[in-house]
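The values are calculated or read from the model by the stated rules, or taken from the named source; none is laboratory data. Please read all numbers here as calculations on a predicted model, not as lab measurements. Every residue, glycine among them, receives a Cβ derived from its backbone with ideal geometry; neighbour counts consider all protein chains shown.
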Amino acid sequence: MTQLPPPSAKKLGLVIDLDTCVGCHACVVSCKGWNTENYGAPLSDQNAYGADPSGTFLNRVHSYEVQPAAGEAQLIHFPKSCLHCEDAPCVTVCPTGASYKRAEDGIVLVNESDCIGCGLCAWACPYGARELDAKEGVMKKCTLCVDRIYNENLPEEDRQPACVRTCPAGARHFGDLGDADSDVSKLVAERGGFDLMPEQGTKPVNKYLPPRPKDEMPEFDVLAPYLEPIASDGKGFVGWLDKALSSLPGGAK
Amino acid sequence: MHPAASVIIFNTFSGLGFGLLFWLGMGAIVPTGMGAFIWFTIAYLFAVGGLIASTFHLGHPERAIKAFSQWKTSWLSREGICAVFALIVMAVYGAGLVFAETRLALIGVIGGLASLGVVFTTSMIYAQMKTVPRWRHWTTPAMYLLLSVGGGALLSGQVTIATVLFVLGAALQVFAWLSGDTRFQTSGTDMATATGLGHIGKVRAFEPPHTGTNYLMREFIYQVGRKHADKLRIITIALAFVLPVILLLLPFNHILAVLAVLSHITGVLTLRWLFFAQAEHVVGLYYGKR
């Protein structure tokens with residue numbers, strides 16, 4: 001059913017550190033790789049080597065320039081995938097029951113054999129987390145790598161989403177955001193993690209950590225004392241040279 | 001929003017068809033025998049033709065039967081159920097008129113109201129979208145209902161009612177456009193809330209995720225033709241409402257009536273195109289676009 005289940009105690013999700021993300025897109029590649037080869041329909045590409053390539057991705061990295069009132073602009077890389085919202089509007093609009101939120105851990109999934117590909121769930125999502133696969137005609141979205149995180153055939157360290165496992169900068173964290181004592185919850189509390197578009201009322205589980213303020217470096221130059229301008233009231237040879245050069249046409253006064 | 005031809009055709013023709021079924025069910029016109037057969041055929045061609053067109057944009061239309069299951073939460077599901085119910089009830093009512101020359105008044109009223117229910121549930125698919133501020137407003141269902149009832153009155157040849165409803169429709173549509181033009185800005189969603197970076201400074205999209213386009217940009221960031229929006233609005237009002245009213249007020253003639261219907265349909269098709277093409281989805285903010 002597309003009725004939302006009562007809020008689960010366990011809320012699995014991601015915490016994405018905008019301070020640490022270097023915008024390498026490794027998470028995009030590993031996500032596409034894992035989710036093309038495993039659970040559900042593959043993520044197709046259209047005209048991949050042509051003039052107008054396009055394809056289905058469950059995770060995309062945007063880059064934003066943020067210009068503070070004073071000081072340098074900051075470049076912030078911004079990975080975005082399904083936020084596994086508690087009040088997921090994509091679930092309730094689904095006419096077939098294909099879109100659902102799991103009662104046990106809060107993961108939002110699509111049962112692809114029930115999906116008619118009407119696209120309404122993608123309309124309802126403010127985050128652009130759902131993409132209709134052009135080849136398969138079904139809605140694709142982040143599964144939080146549900147086929148990895150509980151998979152006992154994988155070594156323990158691999159039982160996390162592919163994007164988290166692969167991130168070379170350690171900018172992505174996976175855990176239970178419903179447990180106030182979990183590492184991810186502590187990280188959110190410590191760093192002031194925030195929701196995207198809170199006014200949409202979706203109550204996202206995934207949180208974003210803000211970029212730390214840029215360091216303010218005081219004006220400091222070790223060579224400065226040795227590069228003091230020569231005194232203009234110089235005496236002797238330097239004084240004569242200054243006057244002589246200044247008197248030439250175009251000379252500095 | 002991408003103005004998909006199948007959805008525009010569905011909204012326009014099903015709206016007219018169910019509008020005509022509404023008036024038939026309410027007994028505004030009570031044809032019998034062969035006449036009733038023709039009236040109901042026209043109404044069903046419009047209503048069912050539109051419904052069939054709407055399945056063309058589905059990825060898996062063969063599974064459409066599953067869409068009747070989630071009426072508790074989904075307006076699309078409610079629309080499907082309502083449509084099947086209205087069509088069955090009106091078929092019974094129509095059969096009474098065609099074959100028995102009997103008006104089953106209660107069944108007609110139920111079918112007529114259910115026909116309006118189809119139009120209302122359709123409109124709520126759009127009006128519920130918090131992600132599209134322009135649509136999330138009472139004018140969306142009001143306009144759907146007014147267009148359907150007005151178009152139905154035109155098709156069923158009720159000159160006075162159609163004239164009044166078209167004048168109201170034109171006024172409401174102008175209000176819906178003008179009030180909708182600022183709704184995105186005042187919705188409270190902008191690049192600052194989308195990225196959560198507004199506390200640092202002014203946010204600008206620096207680089208998109210990919211060099212190419214994608215499903216989201218094709219579906220939600222439709223900008224082509226918006227520059228002609230003002231002209232298209234004038235054309236819409238002229239064709240959908242003004243010209244039909246003028247043609248209706250002239251001394252009655254079947255050719256003028258047909259022209260009024262054609263003009264209205266063309267105008268409503270333009271209106272529906274604008275309804276989608278001008279609707280801005282908040283996901284565009286992530287791409288620095290509207």
Restricting to region B:25-41, and then to whatever is surrounded by fewer than 15 Cβ atoms within 10 Å (Cβ to Cβ) and part of a helix (DSSP H, G or I), can you tell me which residue is nearest to the chain's Cα centre (by Cα)?
B:T41
Restricting attention to region A:5-22, does a residue exist that is within 11 Å of another protein chain (Cβ to nearest Cβ) and modelled with pLDDT under 95?
no
Quick check: anything in region B:22-37 modelled with pLDDT under 95, of a type in the set (G, A, S) and touching a strand residue (DSSP E or B) at 6+ places or on another chain (Cβ under 9 Å)?
no
Any idea how many residues of region B:276-286 are touching a Pro at 6+ places or on another chain (Cβ under 8 Å) and either surrounded by fewer than 19 Cβ atoms within 10 Å (Cβ to Cβ) or not in a loop (DSSP other than H, G, I, E, B) (or both)?
4
Given the options A:S247, A:S182, name the one that is exposed (fewer than 11 other Cβ atoms within 10 Å of the Cβ) and without any contact (Cβ under 8 Å) to a residue 12 or more places away in the chain.
A:S247
Filter region A:56-65 for residues that are in contact (Cβ under 8 Å) with a residue 24 or more places away in the chain and out of contact with any His (no Cβ under 8 Å at 6 or more places or on another chain); the one that is nearest to the other protein chains (Cβ to nearest Cβ) is A:T56
Filter pass, B:I235 being surrounded by fewer than 17 Cβ atoms within 10 Å (Cβ to Cβ), within 20 Å of B:L146 (Cα to Cα) and away from chain A (no Cβ under 14 Å):
yes
Here the qualifying pairs (Cβ atoms under 8 Å; residues six or more apart or on different chains; first in region A:104-119 and on the phi < 0 side of the Ramachandran plot; second of a type in the set (D, E) and part of a loop (DSSP other than H, G, I, E, B)) come out as A:E112/A:E136
In region B:68-123, what count of residues is obtained for those that are of a type in the set (S, T, Y) and in a helix (DSSP H, G or I)?
6
So which helices (runs of 4 or more DSSP H) stay within region A:142-253 end to end and still have 1 or more residues that are closer than 21 Å to A:V29 by Cα?
A:146-149, A:162-166
May I ask you to list pairs of residues, at least six apart or on different chains, whose Cβ atoms are under 6 Å apart, with the first in region B:252-280 being among the polar types (S, T, N, Q) and the second being buried (at least 21 other Cβ atoms within 10 Å of the Cβ)?
B:S263/B:P244; B:T270/B:T236
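Residue-by-condition table, conditions (1) out of contact with any helix residue (DSSP H, G or I) (no Cβ under 6 Å at 6 or more places or on another chain); (2) under 30 Å from B:F184 (Cα atoms); (3) in contact (Cβ under 8 Å) with a residue 24 or more places away in the chain:
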{"position": "B:P61", "(1), (2), (3)": "no, no, no"}
{"position": "B:K66", "(1), (2), (3)": "yes, no, no"}
{"position": "B:L97", "(1), (2), (3)": "no, no, yes"}
{"position": "B:T163", "(1), (2), (3)": "no, no, yes"}
Just checking, how many residues over region A:36-50 are more than 10 Å from chain B (Cβ to nearest Cβ) and either in contact with a helix residue (DSSP H, G or I) (Cβ under 9 Å, 6 or more places away or on another chain) or closer than 16 Å to A:K141 by Cα (or both)?
9
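Yes/no matrix, rows are residues, columns are (1) buried (at least 24 other Cβ atoms within 10 Å of the Cβ); (2) more than 9 Å from every other protein chain (Cβ to nearest Cβ); (3) at pLDDT below 95:
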position: A:D52; (1), (2), (3): no, no, yes
position: A:P68; (1), (2), (3): no, no, yes
position: A:G71; (1), (2), (3): no, no, yes
position: A:S81; (1), (2), (3): yes, yes, no
position: A:H84; (1), (2), (3): yes, yes, no
position: A:C94; (1), (2), (3): yes, no, no
position: A:L109; (1), (2), (3): no, yes, no
position: A:E131; (1), (2), (3): no, no, no
In region B:173-209, the residues that are surrounded by fewer than 21 Cβ atoms within 10 Å (Cβ to Cβ), within 14 Å of chain A (Cβ to nearest Cβ), free of Cβ contacts under 8 Å to residues at least 60 places away in the same chain and polar (S, T, N, Q)
B:Q185, B:T186
Taking the criterion of being out of contact with any Asp or Glu (no Cβ under 6 Å at 6 or more places or on another chain) and in a strand (DSSP E or B), would at least one residue in region B:160-170 satisfy it?
no
Considering only residues that are part of a loop (DSSP other than H, G, I, E, B) and over 19 Å from A:A122 (Cα atoms), look in region B:211-232 and name the one that is nearest to the other protein chains (Cβ to nearest Cβ).
B:G212
